[in-house]
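K.L.:
To start, I am sharing the structure in question, which I have written as structure tokens.
Nothing in this text is a laboratory measurement; each read-out follows from the coordinates by a stated rule. From a predicted model like this one, the values you see are computed outputs, not experimental measurements. Note that we place each Cβ from the backbone using ideal geometry, even for glycine, and neighbour counts take in every protein chain shown.
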Amino acid sequence: MDEAALVQRYLHRQFHQLVTQLHSIFDKHPALAVRMVRNEVELYEKLRRAVALQQQLGEHCNFDELERRLRENRIDDGW
């Protein structure tokens, strides 16, 4: 499996974990859940662009770095 497919699989797994969390939040706070979805979509788009740029530059994607970026962005967004 190539690196892009591994990154896609990783992000897909992360997304499903998020959906599980959002489902429980949506029942009590729908507006908050919608904001969280928007923030998460923006975050994944930024990560996708970063991975694409790394590939264009011939660099390999670092999954630990992806995890760190996800955590930092979620903290910045108040998760």
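K.L.:
Please turn the phi angles of region 4-18 into ³J(HN,Hα) values with the Karplus equation 6.51 cos²θ - 1.76 cosθ + 1.60 (θ = phi - 60°), one per residue in order, whole Hz, x for glycine and proline.
P.N.:
Each residue's phi maps through the Karplus curve to give 4, 5, 5, 5, 4, 5, 4, 5, 4, 5, 4, 4, 5, 5, 5 Hz.
K.L.:
Turning to a different aspect of this structure: Helix 63-76 sits at what angle to the longest principal axis of the chain, using alpha carbons and giving 0 to 90 degrees rounded to 10?
P.N.:
For 63-76 against the chain, the angle is about 30 degrees.
K.L.:
In addition: For every helix of n ≥ 4 consecutive DSSP H residues, a contribution of -39,500 (n - 2.57) applies; sum these over the chain, divide by its total residues, and give [θ] at 222 nm rounded to the nearest 500 deg cm²/dmol.
P.N.:
Dividing the helical sum by the residues of the chain leaves -29500 deg cm²/dmol.
K.L.:
Here's another thing I want to ask about it. Angle, helix 30-56 long axis vs. longest principal axis of the chain, Cα atoms, 0 to 90°, nearest 10?
P.N.:
0
K.L.:
Additional query: Along the Cα-to-C-beta direction of Phe15, a point sits 7 Å from the Cα; which residues of region 27-50 have their amide N less than 12 Å from that point?
P.N.:
Only 41-42, 44-45, 48 pass the distance filter.
K.L.:
Let me ask you something else. Over all distinct Cα pairs, what is the inverse of the mean 1/r for region 3-76, reported as the Kirkwood hydrodynamic radius in Å?
P.N.:
Hydrodynamic radius (Kirkwood, Cα only) of region 3-76 equals 13.2 Å.
K.L.:
Give, rounded to the nearest 20 debye, the magnitude of the charge dipole that region 3-76 has about its Cα centre when Lys and Arg contribute +1 at Cβ and Asp and Glu contribute -1 at Cβ.
P.N.:
Rounded to the nearest 20 debye, it is 220 debye.
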